[in-house]
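Read through the structure below, which is laid out as structure tokens, and then see the notes.
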Amino acid sequence: MPHFPKGCCEVASDLLAQFLLEKGIQTKSVHGEYDYDDWENKFPHTWLETDDGVIIDITADQFAGEKIFEAFSLMPCYVGTDREFYSLFDEDYREEVFRGLRNCDGDFYRRNVDPLYEIILSHIV
């Protein structure tokens, strides 16, 4: 994840979802795309939501330098229920429920994300 937060929203959300799951907080990933001119300016994004509608996003600031998003104060971490920014993204899909890193994208997660999760845990626990 050398360009964090740019391009890291799905993996970062899964890592956070795993940590929250272990703390008893169930989340689901929401995947959307903002396409403001139907050509090359597409912005995919992934964030977490709880069942009661709380948005948890640790990579929204990847869009802070984009002119199209300048009306928003995009912080490195957002936790709240304001959907103004998130309503820009057409929802591609929403997970039913996060079932853990072990149930994510097969080999990529086993080789790359699982070890990264262990490294992160060693620094925060």
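What follows draws every value from the coordinates through simple rules; no lab data is involved. These numbers were taken from a predicted model, which means no experiment stands behind them.
Side notes on the structure shown:
- Stretched out straight at 0.36 nm per residue, the stretch from Glu96 to Phe72 would grow longer than its current Cα-Cα span by 5.8 nm.
- Of Asp14, Asp90, Asp107, the one that fluctuates the most in a GNM where the chain has Cα springs shorter than 10 Å: Asp107
- The calculated Kirkwood hydrodynamic radius for the stretch 9-100 is 13.6 Å, given to one decimal from all distinct C-alpha pairs.
- Total lysine pairs whose alpha carbons fall under 24 Å of each other in the chain (8 or more apart, or interchain): 5
- Shape metrics for the stretch 59-99, restricted to C-alpha atoms - Rg then Dmax, Å: 11.9, 36
- Comparing Gly100, Gly24, Gly32 in a Gaussian network model of the chain, where Cα atoms under 10 Å apart are tied by springs, the biggest mean-square fluctuation is seen for Gly24.
- Phi to ³J(HN,Hα) by Karplus 6.51 cos²θ - 1.76 cosθ + 1.60 over the stretch 16-29, Hz, x for Gly, Pro: 5, 4, 5, 4, 5, 4, 5, 9, x, 10, 8, 10, 9, 7
- The stretch between Arg83 and Asp52 holds 9.8 nm of extra length on full extension. This uses 0.36 nm per residue minus the Cα-Cα distance.
- Mean residue ellipticity (222 nm) of the chain, computed from DSSP H runs ≥ 4 via -39,500 (n - 2.57), nearest 500: -6500 deg cm²/dmol
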